[in-house]
1. Tally time: how many residues in segment A:173-191 are open to solvent by 20 Å² or more (accessible area, probe 1.4 Å) and assigned to a strand (DSSP E or B)?
2. Taking segment B:112-131 as the search range and keeping residues that are among the polar types (S, T, N, Q) and in a helix (DSSP H, G or I), which one is most open to solvent (accessible area, probe 1.4 Å)?
3. Being more than 36 Å from the chain's Cα centre (by Cα) and under 30 Å from A:Glu129 (Cβ atoms) narrows it down to one residue among B:Thr394, B:Thr369; which is it?
4. Just a yes or no: is a residue in segment B:412-421 within 7 Å of another protein chain (Cβ to nearest Cβ), open to solvent by 40 Å² or more (accessible area, probe 1.4 Å) and either within 19 Å of A:Gln318 (Cβ to Cβ) or within 35 Å of the chain's Cα centre (by Cα) (or both)?
5. Looking at segment A:255-266, can you tell me whether even one residue there is of a type in the set (Val, Ile, Thr) and either within 11 Å of another protein chain (Cβ to nearest Cβ) or open to solvent by 70 Å² or more (accessible area, probe 1.4 Å) (or both)?
6. Tally the residues that are surrounded by fewer than 19 Cβ atoms within 10 Å (Cβ to Cβ) and at pLDDT 90 or above, restricting the search to segment A:192-203.
7. Of the numbered conditions (1) under 30 Å from A:Glu310 (Cβ atoms); (2) surrounded by fewer than 19 Cβ atoms within 10 Å (Cβ to Cβ), A:Thr245 satisfies every one except a single condition; which is it?
8. Before we move on, is B:Arg266 under 18 Å from B:Tyr16 (Cβ atoms), open to solvent by 10 Å² or more (accessible area, probe 1.4 Å) and in contact (Cβ under 8 Å) with a residue 12 or more places away in the chain?
Amino acid sequence: MDLFSNLDNRYYRIIHTLLLQAQEKPLSRTDIIETINRMGFAETTMCLADRLLDSENPDALGVLRKDGLCYHSILSGFPVIGRDLLELRWLKAILQEERARLFLTPALTAELDAILEDVDPLFPAGTFEAIDVAEDADPYGSETYAQIFRTLLEAIRRKRLVKIAYESPKGGRLVGNFAPYRFEYSPKDDKFRVLATFLVKRRVRSYTLNLSRIVCAEIIDAPWPPFLQPKDRPEQIETAELEITNIRNGFERCFIQLSIYDQESEFDEETGKCQMRLRYALEEESELVITLLSFGPAVKVLGPERLRREIVQRIQKQMMLMNPMKGYPSTASNAYASGDSHE
Amino acid sequence: MAPFQELIKDFNKIRYYARDFFIYGYRSRKEHAIRSPRSYDNEKRRLESYLPEMIHWEMGSRGKRVSMRAKPNTVAFNPLHALWETRAFTRNDGLLQFLIPDLLRKKTGLTAGQITDQLALQYGEAFAGGNMPDAMTVRNKLKDMTEMGWLRSQKSGKTLTYTLLPSLAECCSPPLLDALSDLLAFSANMSPLGILGYRLYSRLHDDEVPGATTGNHCSPFRYRHNYLFHTLDDQILLELLDCMAQGRDAEFQSRSRRTEALVSKRGVPVRILTSARHGRRFVLTYNRQRKYWFTLRLDRIESIRGFHTIDDYAAIRALSRTQMADSWGISTPLKPENEDIIVRLAIDEVREKHAITRILREGKHGVLTRLGENAFEYRIQVSDSTEVFPWLRTLISRIVGIEGSNEAAIKRFKRDLTHMARMYGLIEEVPDHGSVQ
């Protein structure tokens, strides 16, 4: 089995699109180059355009026939979309996951199961094991949860308000008309969250709601009012400055795990250490703190000051807990008072 | 000198450089010493063409550096999936790709010879200079397309006839297509071998390249803890799944973490272990000759060779569940007895309730016991204590004491804490425990 298939590549998709367009109307040279520019890689126009436009080119791909200034498809109809068995086997395999069934009503599930009846799954259930996912993953097998998921998905697609009753983690219930606009999923805790805007005391606020805490959701068949138009709330982005040491393969551990962030790094030949600048949303700082602590002495936080202070406070508190007879004078400012941690 | 070719024949060339540029962006040109400088220049140029929005250059003290960067929590689709669309093809391949299905759409059950004749009759103009593909070329393309699932072949006497099969889109009702779009948009990112979901999604959405920020069918999903580079190992993963499906013994060529040399290991792959926290994936394998379990990291495997199917595969697979029951992560049972870890914790039950919840959620088969007001004990037995330490460090500021049956490991954990305190200037004297290594 070969994923790097000679039946599937970007150039074929471009040609497929051109043949589709040519069925609607003859194409000009400009149309063709514009499509290649839009869909291709940076050098694709240079590599592909001439092969399509010039029939004298020894590598010509003569699927477009030139007639005057226009190009026509030589096919008898729309280009065929292929059926790929490997893809179907993959689809059959992922349909074994409970999570996949969130997207399909029972009727649609039955329809798809019938279409894939003669297809063997690419891998059986249980082939993949997540070794560090949290115990309280969302209840994908619950029909109530699935119904809420599909309701929110439909609302997002149709840009509709949803009346939601939500059990807050701090206790209490929040009820109101929300404008959901995006799902957020994390494989680390195997949970879905929905981002939605909500009018609270005449102010539009953005909320992140855990799907598992939504008690019920009902679409209000009205479009979003202009004042509730969701837009990505401007996240406050901070830049962490880290010094990474190659203790016990620290480089590999840190760089792989921190690749989920937007970051850049530089190696210092004198010290043998790497300096990394990592950008994160302020609201995710608590999670970043415990991630950085988990690396132990391989990572030192240089900034920003608030992040560094949080790390130092925890380590200082830790040393006092384990060595209560020793005093650990702070060499920094009096800001190292014991403070609340959030993780 | 041959002109630059944007497309490639061998994915492994791109796999190495894409991974290195994406994860180890600090490395300079000379550090990519495992390949030739010429290879570095060519593949760098290709990556600059495939993913220009991800490429960054910086001048540092060690010269020019190239890295690939992304914002994984903002992308709707993995931009690295584009790398799987870079396979080179011949002129005949490219033409037959479109002409054979067009022909078979009108006429079913044709033989290879009939198809070759019809191609010349109906599409002769497409082949520049009258260079029609010969019967063998057409037969090979038909064979490829049949194996991929585009066509069905049937024996008719002594010859094979070919029929075009309907695509998935042609079999689905409009509501199913809509639902599938959403499922595929999600699974292309969050299911194993997501590249197949990406391709299937692309087939349903003509005239689109599902990129990081484009797409008329805008995906409503975004992801946290999104390890984009995993797709680079998807061919290896596919081959592992094939071995597992057939119950085969296999030989793996894998790069040693310490020396970077290629090492050969033999075993029966039974399961894929994935870590969403650390971003690594492993294949759990059993060596039948020497009767031991081991794991290999997918990103370090360069090639796999499958051998014969073994009779006791199902039994080995079943055994793996019990063998790994006491593993915190991927450590395999190498010692006859498990190791105990006992951690005493100080947690404010009112203000730090979230910490208690987190330990219960993440603490696996460990047991958390309340000893008294704001005092807890976490106790666990594992095959390898050191695997638990990264997670235990997330409890820094609450650990009152730690003990365990692996005394050397416990000492190392405590030394690390001291080292961390020294790093931030909280300890001025030289510690008693020696240096950290």
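The values are calculated or read from the model by the stated rules, or taken from the named source; none is laboratory data. This structure is a prediction, so every number in the text was calculated from the model and none was measured. Don't worry about glycine lacking a Cβ; one is built from the backbone with ideal geometry, like all the others, and counts go over all protein chains shown. Note: areas computed on protein heavy atoms with side chains; ligands, DNA, RNA excluded. Shrake-Rupley method; radii C 1.70, N 1.55, O 1.52, S 1.80 Å.
1. 8
2. Per the stated criteria, the residue is B:Gln114.
3. On inspection, the qualifying residue turns out to be B:Thr369.
4. Scanning segment B:412-421, I find no residue that is within 7 Å of another protein chain (Cβ to nearest Cβ), open to solvent by 40 Å² or more (accessible area, probe 1.4 Å) and either within 19 Å of A:Gln318 (Cβ to Cβ) or within 35 Å of the chain's Cα centre (by Cα) (or both), so the answer is no.
5. Within segment A:255-266, one or more residues are of a type in the set (Val, Ile, Thr) and either within 11 Å of another protein chain (Cβ to nearest Cβ) or open to solvent by 70 Å² or more (accessible area, probe 1.4 Å) (or both).
6. Of the residues in that region, 0 qualify.
7. Failed condition: (2).
8. No.
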